[in-house]
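Here the structure comes first, spelled out in structure tokens, and everything after it is commentary.
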Amino acid sequence: MPPREEFPTKGLEGAPSNDIGWHFGTLVPNARGSIVCKLCGKVVKGGITRFKEHIAHKTGNVAPCPNVTGVIRESMMNVLKESNTKKIDKKRRKDEFLSQLTEEEDEHEGFIDEVSAIRQATRESIQSQHEWHRREEFRRSTGGWDNIYEEGRSSHGSAREHNRERTSKSIPGESEFTLSGAIPELVRSKSSKQPKVNDSFLKSFRRKIGEAVSKFIIYERLPFQLASSPWLYNLIQVATEVGQGVKLPTPYEVSDVYLESEYQRVHDWVNVLKTHWKELGATLMCDGWTNSLNQMHIINFLVYCSKGTIFWKSVEVSSVRSRDAEFYYRLLDSVVEEIGENYIVQIVTDNEAAMKAAGKKLMLKRQHLYWTSCAAHCLDLCLEDIGKKPSVAKVLDEAKKVTCFIYNHIWTVDLMKKYTQGKQILRPALTRFATHFIQLEEITRQKQGLREMFNSKEFKESKWGNQKSGPAYEAKKIR
């Protein structure tokens, strides 16, 4: 709680949202929309906006707080007024835009060309957005939307108060990272209808936008999957909404202005996730790898909870002479301290002896924390030990001979596909030893085809068919 004569300028870390009001109130557990005042102890129902009215002594909805100081009361009243002003201004701009579109339609009545059809589609799209927002407000007010995480709600308040709060917040919530909350068209109900535009116009428009998107992807050498990206859909929707005459951002704006803005959005989103970490706990995952090109060794740290996994940071440890248990212990302990000890309840690493010792040492220092070995690494070690058994090692060695011979020559690979109906016998897996056993499984599946290949006329007439020694002979005699 800040000093009583000072008004906070930013949100409270660990609070349900970035709203200033959480400096003065605490969410009541298992009581939807109820907040207890830190100053007078009164429980206010109705969400964070109603609670701020309690602090600001705004009459009409809630009783005023008797213990609030004049400075805090006036400052909170200014926050509410600013929020209401932004809401009114946003509605005014939307109404003006709709009015302008309507006037343009009236002026060009009876003359429908491509430009007027686009304007009509834009107007009806915006009206559909209004209809969607009204429907969702009704659903929230009747309890029809209980998934707080997907909606990105910052408190358990009523739908009306929640909408006011979203308007007053300067930082977007989680919904912008699910896209469904940011783009109504992606979650439009079945009752929403497509704009009624002539079919010929629709085909023409679709071809134009298809060519423009395709050229962008092709000439910028981007993956074709980008065409189905929801972010691309969002870009087109925003471009349609703002219309012509708006300049695209410069490379400087993207790399400096908007990159910093997006970083702040993600940072705030992670702060929202911390509320889930605090309630249910989170897992810190550690994974090391070495770049084969420059031999740079990097350790990645990720945080997992029931709401998803986030990348926390990477640590470059190539210059460390001895990556022993003490080094890993200090590194893991510092990361836990950086994230917050009260959030992390489990650490997952590989089964390296130094990592195992560091994990056990960390459990002694932090009694609530548990170290767990990586399941994938455990399976890999199990498969490695199984592969060391003489009977299994012999089979794996024979499979390796067959695979090496076939894949060392382009001609034999093409011949193999002819007899295996295009199937491969070499498929990489997540771990090294799993790859060996999957390779053995594929050879077993294609056993008949491989036999036919080695007994075929093409192979017998090749330079490998009559060899009495060497890789081809060793692979052929394996049955």
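The values are calculated or read from the model by the stated rules, or taken from the named source; none is laboratory data. Just so it is clear, the structure is predicted and the values come from calculations on it, not from any experiment. Backbone-built Cβ (ideal geometry, glycine too); neighbour counts: all protein chains shown. Note: areas computed on protein heavy atoms with side chains; ligands, DNA, RNA excluded. Shrake-Rupley method; radii C 1.70, N 1.55, O 1.52, S 1.80 Å.
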Tell me which lysines have Cα within less than 22 Å of Lys45's Cα, excluding those fewer than 8 residues away on the same chain?
-> Lys58, Lys81, Lys169
Potential extension, Cys382-Ser214 segment - 0.36 nm per residue separation minus Cα distance | 55.7 nm
Subset of Lys52/Lys86; Lys42/Lys307; Lys400/Lys477; Lys423/Lys468; Lys361/Lys389 violating a 23 Å alpha-carbon distance limit = Lys42/Lys307; Lys423/Lys468; Lys361/Lys389
Separation of alpha-carbon centers, region 220-268 and region 381-423, rounded to whole Å = 47 Å
Between region 50-81 and region 437-454, how many Å separate their Cα centres?
-> 77 Å
Averaging sequence separations of C-alpha pairs under 8 Å and six or more residues apart, then dividing by the length of region 235-319, give the relative contact order as a whole percent.
-> 18 percent
If we restrict to alpha carbons, what Rg and Dmax does region 385-430 come to, in Å?
-> 12.8, 36
10 Å-binned pair-distance histogram of region 346-479 (Cα, whole percent) | 11, 32, 22, 15, 11, 7, 2, 0
Treating cross-link reach as a plain straight distance, find the lysines whose alpha-carbon is under 23 Å from the alpha-carbon of Lys356, omitting any fewer than eight places away in the same chain.
-> Lys313, Lys365
Most packed first (mean Cβ within 10 Å per residue), the peptides 386-398, 406-418 order as 406-418, 386-398
Which residues' amide hydrogens lie under 5 Å from the amide hydrogen of Gly288, considering only partners 5 or more residues apart or on another chain, with H built in the peptide plane?
-> Asn300
So what does Ser319 come to for accessible area, using a 1.4 Å probe and Å² rounded to 10?
-> 100 Å²
Considering amide H positions built from the backbone, and no H for Pro or chain starts, which residues 5 or more places from Thr372, or on another chain, come under 5 Å of its amide H?
-> Ile347, Val348, Thr349
Taking amide H positions as placed in the peptide plane 1.01 Å from N, state which residues far from Met296 in sequence (5 or more) or on other chains have amide H under 5 Å from it.
-> Asn291
Solvent exposure, largest accessible area first (probe 1.4 Å, DNA, RNA and ligands not counted), of Glu13, Glu96 = Glu13, Glu96
Could I have the simple spin-label model distance between Ser391 and Gln367, label points 7 Å from Cα toward Cβ, reported in nm to one decimal?
-> 5.0 nm
Expressed in nanometres to one decimal, the distance between label points 7 Å along Cα→Cβ at Ser228 and Glu316 is 3.7 nm
A correct Karplus calculation of ³J(HN,Hα) over region 278-290, with 6.51 cos²θ - 1.76 cosθ + 1.60, θ = phi - 60°, whole Hz and x for Gly and Pro, returns 5, 6, 10, x, 9, 10, 8, 10, 10, 9, x, 8, 10
